[in-house]
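> Attaching a single structure in structure tokens format; questions to follow.
Just so it is clear, none of the values below were taken in a lab; they were calculated from the coordinates. What you are looking at is a predicted structure, and each value in this text was computed from that prediction instead of being measured. Cβ sites come from the backbone with ideal geometry, for glycine too, and all protein chains shown count toward neighbours.
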Amino acid sequence: MRQPKLIDYILLTFLSLIWASAFFNIKIATYSYGPVTIAFLRVFFGAMPVLLLCWHKKIKIEAFSKDWHWFAMIGFVNLVAPFFLIAYGVKSVQSNLAAILMSTTPLSSTILGHFFTKSEKFNFIKTIGILVGFAGVIYLFSDNLLINDSNFNSALLILLGSTCYVIGGVLTLKISKKKNENVTGSILIWAVIILFPAVCFFEKPWTLNPSTESTVSVIYLGVVSTGLAWLLRFRILKNNGLIFQSQVSYLIPIFGLILSYIFLKEIITPKIIVSLACVAAGLYLVRKSSLILKK
């Protein structure tokens, strides 16, 4: 793996900004669309740039091959469920809270990695990191100004959505030898197939009269925050590896906090800052532990 250059750090920052921007756009999309419709449109528009790249590079899409059940399962766990849960939760909580809660994904991943892999076991530093990170989440839930009886369950659903990403990552290990573009294209196809009947039955989006603002946001979520972001992630992973790419976890909640204030005027309380600092510190300790083990 080559040494990161300035362009690599720029692309990493850009990827963080794209993923962070998803949260306030989800909030805007909920003004006109239901959570199932948001999830469906997101995977539909997100599939386009990925499938175009596969066609351009002549990469075979194996969505309906003998491994179709893995693609379908990962599509549900890694796309359908979290996209729905996050959209449903963001209707009732601030988007900046969603950004912080979603940034805990690497912490949950570390816990599952201990039980499902041989090389990702707990050690002292990693355990402290997990405890500090989740202490920040617990402290965030104590902010009664932002999380109360009316939206407590919504915040939990967002946290559940982040856990779905982790489980989806574990399932992806079953087909880890396949090209990233093929896997992403295949799970996006299955996510569209799963969500299409659900959106027709539950929300009937053709009966809606959405605002232009919400429509632009939901298209952005699909094309940019899902499709283009995944392609950019492929490039970073190929050139710099997973550890370098995982640094987006530090930047996403920070950008999410800034963007939600700029575009939605969402309040930033002292508890949000403390919680963000704890989560960032937890992520740092977990990453530091992983780097020590690799030496």
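> Express the relative contact order of the range 33-182 as a whole percentage, based on alpha carbon pairs under 8 Å and six or more residues apart in sequence.
Working: 125 pairs, mean separation 60.5, N = 150.
RCO, the range 33-182: 40 percent.
> Once the cut-off is 19 Å, how many percent of the Cα-Cα pairs in the range 223-292 end up in the long-distance tail? Can you show the working numbers first?
Numbers: 1196 of 2415 pairs.
Of all Cα-Cα pairs in the range 223-292, 50 percent lie more than 19 Å apart.
> Which of the trypsin sites (Lys or Arg not before Pro) found in the range 19-64 are loop residues per DSSP with 16 or fewer other Cβ atoms within 10 Å of their Cβ? Let's see the in-between values first.
Values: sites: Lys27, Arg42, Lys57, Lys58, Lys60; in loops: Lys57, Lys58, Lys60.
When the trypsin sites (Lys or Arg not before Pro) of the range 19-64 are filtered for loop state and at most 16 Cβ neighbours within 10 Å, Lys57, Lys58, Lys60 remain.
> In the neighborhood of Leu221, defined by Cβ-to-Cβ distances under 12 Å, what is the net charge if each Lys or Arg adds +1 and each Asp or Glu adds -1? Walk me through the intermediate numbers first.
Details: positive: Lys27, Arg42; negative: none.
That sum, taken over residues with Cβ under 12 Å, equals +2.
> In whole percent, what relative contact order does the chain give with Cα contacts below 8 Å and a gap of six or more residues? The partial results should precede the final answer.
Details: 431 pairs, mean separation 126.7, N = 295.
In percent, rounded to a whole number, it is 43.
> Can I ask one more? Rg and Dmax of the chain, using alpha carbons, in Å: what are they?
Here Rg and the maximum Cα pair distance are 18.6, 58 Å.
> When N is the residue count of the range 163-250, what does its C-alpha Rg come to as a fraction of 2.2 N^0.38 Å?
Numbers: Rg = 16.1 Å, N = 88, 2.2 N^0.38 = 12.1 Å.
Here the Cα radius of gyration is 1.33 times the empirical estimate.
> Computed FRET efficiency, Cβ-Cβ of Ile219 and Asn239, R0 35 Å: what is it to the nearest 0.05?
Numbers: r = 29 Å, r/R0 = 0.82.
Once rounded, the FRET efficiency stands at 0.75.
> Based on the Cα coordinates of the range 1-140, what is the per residue volume of their convex hull in Å³?
Numbers: hull volume 25.6 nm³, N = 140.
Convex hull volume per residue, Cα atoms: 183 Å³.
> Expressed as a whole number of Å, what is the distance separating the alpha-carbon centroids of the range 49-64 and the range 173-248?
Between the Cα centre of the range 173-248 and that of the range 49-64, the gap is 14 Å.
> Quick check: residue separation of Lys121 and Lys177 times 0.36 nm, minus the Cα distance between them. What number comes out in nm? Walk me through the intermediate numbers first.
Working: separation 56, 0.36 × 56 = 20.16 nm, distance 2.29 nm.
That pair, Lys121 and Lys177, stretches by 17.9 nm at full extension.
> Test of understanding: what is the full-extension gain from Lys58 to Ile138, defined as 0.36 nm times their sequence separation minus their Cα-Cα distance? The partial results should precede the final answer.
Working: separation 80, 0.36 × 80 = 28.80 nm, distance 4.71 nm.
Contour length minus Cα-Cα distance gives 24.1 nm.
> Another one. What is the distance, in nm, between label points placed 7 Å from the Cα along the Cα-to-Cβ direction at Leu208 and at Leu160?
2.1
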